[in-house]
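Working notes, beginning with the structure itself.
The values are calculated or read from the model by the stated rules, or taken from the named source; none is laboratory data. Predicted model only: the values in this text are computed from it and were never measured. Ideal geometry is used to build each Cβ from the backbone, glycine not excepted, and the neighbour counts take in all protein chains shown. In case anyone asks, the SASA skips ligands and DNA or RNA and just uses the protein heavy atoms, side chains included. Shrake-Rupley method; radii C 1.70, N 1.55, O 1.52, S 1.80 Å.
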Amino acid sequence: MRNHIEMLRKANGVTQEELAEALEVSRQTISSLENGRYNPSIILAFKIARFFNKAIEEIFVYEEGLV
């Protein structure tokens, strides 16, 4: 699953550390999400969407065959 977290974070002038703090996760979690090494729980996906005021589908892109 691809995502637009890094693009949204940078567009909003937010550091990985600031985003991690707001979402109550580690900076390493944010880095792993941005690099596609980690898929978030549904709760974390909702928190990210709420943080950026976007729908989950605007942030996360599911691609068939990548699971």
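So here's what we get for this one:
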item	result
Looking only at the range 1-14, and only at residues there that are under 19 Å from residue 60 (Cα atoms) and part of a loop (DSSP other than H, G, I, E, B), the one that is least open to solvent (accessible area, probe 1.4 Å)	14
Any chance residue 21 is part of a helix (DSSP H, G or I), surrounded by 13 or more Cβ atoms within 10 Å (Cβ to Cβ), without any contact (Cβ under 8 Å) to a residue 40 or more places away in the chain and more than 10 Å from the chain's Cα centre (by Cα)	yes
All positions within the range 52-67 that are open to solvent by 80 Å² or more (accessible area, probe 1.4 Å), within 20 Å of residue 16 (Cα to Cα) and part of a helix (DSSP H, G or I)	58
Test: residue 48 is touching a strand residue (DSSP E or B) at 6+ places or on another chain (Cβ under 6 Å), closer than 12 Å to residue 4 by Cα and either hydrophobic (A, V, I, L, M, F, W, C) or open to solvent by 100 Å² or more (accessible area, probe 1.4 Å) (or both)	no
Scope the range 15-52; condition within 17 Å of residue 62 (Cα to Cα) and aliphatic (A, V, I, L, M); matching residues	33, 42, 43, 44, 45, 48, 49
Leading residue by the ranking (most open to solvent (accessible area, probe 1.4 Å)) among those in the range 32-43 that are farther than 15 Å from residue 4 by Cβ and either part of a helix (DSSP H, G or I) or basic (Lys, Arg) (or both)	37
